Structure formats: structure tokens, C-alpha cells
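Note sheet for the following structure.
The values are calculated or read from the model by the stated rules, or taken from the named source; none is laboratory data. The shown structure was predicted, so the numbers you read here are calculated from the model rather than taken from an experiment. Cβ: placed from backbone, ideal geometry, glycine included. Neighbour counts: every protein chain shown. What goes into the accessible areas is simple: the full protein's heavy atoms, side chains included, and nothing from ligands, DNA or RNA. Shrake-Rupley method; radii C 1.70, N 1.55, O 1.52, S 1.80 Å.
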Amino acid sequence: MFMETNRLSNKLAKALNNQMTNEAHNAQIYLAYASWISDKGYEGIANFLFRHANEERNHMMKILEYILKRGAKVTIAAIPAPGPDPVSVNDCFEKIFKSEVENTASIYNIVNLSMAEKDWATWNFMQWFVKEQTEEETLALDLLAKIKVAGGANAKADALYTLDKDLADTPDDATLAQDVTVEKP
Ligand code: FEO
């Protein structure tokens, strides 16, 4: 008699596989924007976005490993194209924020599913992504705040030059609000 070793429901396996594609799609978006902005001469911002593309691939791998660990099937699907290039640095950062918010909605959907199924292993696994999305949204908001200071949609070349230098040294991860203490504001 065949013993069932798959610990994921079909529904959750499908949602997690789909999320892998979302993360790969996000990596493509960051790669596309990084290439676009590198072509414009902003190597600092490009470098920041290239590094972030790697983070998105890591997110994909984390989910892939989890699906395998739970005995379910991994399906590698086609990655949708990243869409049109941004029209400005401002537009680029706005698009990044939008795609991160969409990704958060997709993560929350899996959390909801795992809760409905009482699959606490998946629920627990997904909490890392819930926290990560808070960080990613903060990072995107930081980018938007920086471009706003530089003049937003009307940012001038010298302000963008400073922003480019600034982002070359920006760490990949934003400081999570949860990690902030009175001693370490
Ligand atoms: Fe993997 Fe930027 O979310």
C-alpha cells in the first residue's frame, strides 16, 4: 500500500508554486529596471537594483525548498515579462512600490489559505515572508521618499546624481521597525 508523504494540500502546493513564479517575476522586474537605469548612467541605483534581483531569486528558492521538504511537487513555470521600462527614475520607484504591494497581497493570500486549512507548518513558514514584505515595502517607501526629496517627477540631474551615489552604498535590507529599540532607534 502506497504511503502518502505529501504534506501539502493541492491548493496550497498550487499557491506556493505560483508564488515561486511571482518571486521570479519580481527578480525579472528588478533586472529589467536595473538594466534600464544602468543604461541611463546611474550605476549606483542600478547596482542596488541588481542586488535586489538576487534577493528575489533567493525568495523563490526558499519556497522551492519548502515545497520539496513537504513532499509536494515543484513545477517550474514560465516567468511573465517584466512589462514596459519606466519612463523616469520616479516612475521606476513607483512601479517597484506597486509590485511589492501586489506581492504582499499574494503572500497574505497564502497565509489565509494555510490558516483556513489549519496547515500550521505552512502558516509558520509564511511568517518569514510576511516580515520580509514589511521590509520590502519599507525599502520601496524609502526609495520613494528619496526621489521626492530629489524633486520627484521633476528631479534634476544633479539631485539624481547625489541619489545615485547615495544608493550605491545603501544596504539591501531596510531596518525593520520591529528591530528598532529605545537603545537602537
Ligand atoms: Fe520577494 Fe520583493 O518580494
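Segment Asp85..Asn154, full-extension length gain: 23.0 nm, with 0.36 nm per residue of separation and the alpha-carbon distance subtracted.
Residues considered: Ile110, Ile45, Ile76. Largest GNM mean-square fluctuation over the chain, using C-alpha springs under 10 Å, is found at Ile76. Hydrophobic long helices, here whole DSSP H runs in the chain with Kyte-Doolittle means of at least 0.0 and Cα atoms spread over 20 Å or more along the helix axis, are found at 89-116.
Given the options Asp91, Asp166, Asp158, which has the most mean-square fluctuation in a GNM of the chain, springs set between C-alpha atoms less than 10 angstrom apart? Highest fluctuation among the options: Asp158. Bridging of Lys14 to lysines at a Cα separation below 20 Å is possible for Lys62, Lys69, Lys73, Lys118, once same-chain residues fewer than 8 apart are set aside.
Using a 1.4 angstrom probe with every protein chain in place, what is the largest-first accessible-area order of Arg7, Arg70?
The most accessible residue leads, giving Arg7, Arg70.
A probe of 1.4 angstrom, applied to the heavy atoms of all protein chains, finds Met115 with accessible area near 110 square angstrom.
Remark on Gly83: its backbone amide H falls under 5 Å from none of the residues 5 or more positions apart or on other chains, H modelled at 1.01 Å from N. Compute a Gaussian network model of the chain, connecting alpha carbons closer than 10 Å, and tell me which residue from Thr21, Thr134, Thr162 fluctuates the most. Among Thr21, Thr134, Thr162, the largest GNM mean-square fluctuation belongs to Thr162. Region 17-31 and region 34-61 have Cα centres separated by 13 Å. Loop-resident trypsin sites (Lys or Arg not before Pro) (DSSP state other than H, G, I, E or B) in region 100-157 with no more than 13 further Cβ atoms inside 10 Å of their Cβ: Lys118, Lys156. Rounded to the nearest 0.05, the FRET efficiency derived from the C-beta distance between Ala77 and Ala145 at R0 = 41 Å is 0.70. Kindly give Rg over Rh for the chain, based on alpha-carbon atoms, with the Kirkwood expression for the hydrodynamic radius. Rg divided by Rh gives 1.04. Averaging the Cα positions of each part gives two centres, and for region 62-119 and region 132-175 these lie 22 Å apart.
Only lysines eight or more places from Lys156 in sequence, or on another chain, were considered; those with a Cα closer than 24 Å are Lys40, Lys95, Lys98, Lys146, Lys148, Lys165. Between Lys40 and Val101, the contour length at 0.36 nm per residue exceeds the Cα-Cα span by 19.3 nm.
How high is the relative contact order of region 6-165, in percent, with contacts defined as C-alpha pairs under 8 Å that are six or more residues apart?
The value is 27 percent.
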